[in-house]
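Asks: Structure in structure tokens, see below.
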Amino acid sequence: MEISENLLCLFSAEVDSRDDSYRIEVPAHELTVGDVEAGNVYRVALLESGESSPRETAEQSAKRADQGPPIAEGDRRTVDIEDIGKQGDGIARVERGYVIIVPETEIGDRVTIEIRNVQENLAFGEVIEHVEPTLHE
């Protein structure tokens with residue numbers, strides 16, 4: 001999947017049905033001040049996450065949401081860089097689609113990283129070593 005370099009945020013949310021329309025709330029912590037303005041039009045993509053089924057109860061959904069990030073500071077992981085963010089940093093995804101930003105990497109890099117900063121919706125990793133030759137060489 002190609003991700004536009006205009007991507008402002010990436011997160012998971014439930015779709016609510018209200019009257020004859022659907023609504024998705026964007027949590028304030030997903031955006032930084034100035035990224036969006038009321039009244040402007042933005043493109044939205046809906047991707048099936050595969051994380052919840054139609055039979056999942058509200059209690060199950062809340063429990064899954066309360067699990068928090070699937071990683072912790074100091075963890076080491078080998079990840080594949082799938083995309084490049086708007087700042088030029090590599091993007092890797094782990095369990096539940098959780099995003100890890102990895103500076104100084106490119107699409108196709110397979111790297112071992114150490115997690116340096118964990119936030120609710122993303123983390124930052126530092127390259128420890130390149131595991132395989134990159135695709136751009």
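The values are calculated or read from the model by the stated rules, or taken from the named source; none is laboratory data. All of these numbers come straight from a predicted model, not from anything done at the bench. Quick reminder, even Gly has a Cβ in these numbers, built from the backbone with ideal geometry, and neighbours come from all protein chains shown.
Asks: Right, Ser53: exposed (fewer than 10 other Cβ atoms within 10 Å of the Cβ) and modelled with pLDDT of 75 or more or not?
Replies: Here the answer is no, as Ser53 does not meet what is asked.
Asks: Then there's this: Just one of Arg64, Arg93 is in contact with a strand residue (DSSP E or B) (Cβ under 7 Å, 6 or more places away or on another chain) and modelled with pLDDT under 95; which is it?
Replies: None of the other options fit; the residue is Arg93.
Asks: Given (1) crowded, with 17+ Cβ neighbours inside 10 Å; (2) within 19 Å of Phe11 (Cβ to Cβ), where does Gly97 come up short, assuming only one miss?
Replies: All conditions are met except number (1).
Asks: Among the numbered criteria (1) surrounded by 12 or more Cβ atoms within 10 Å (Cβ to Cβ); (2) over 11 Å from the mean Cα position of the chain (by Cα); (3) within 19 Å of Cys9 (Cβ to Cβ); (4) modelled with pLDDT under 95, which single criterion is violated by Leu122?
Replies: Unmet condition: (2).
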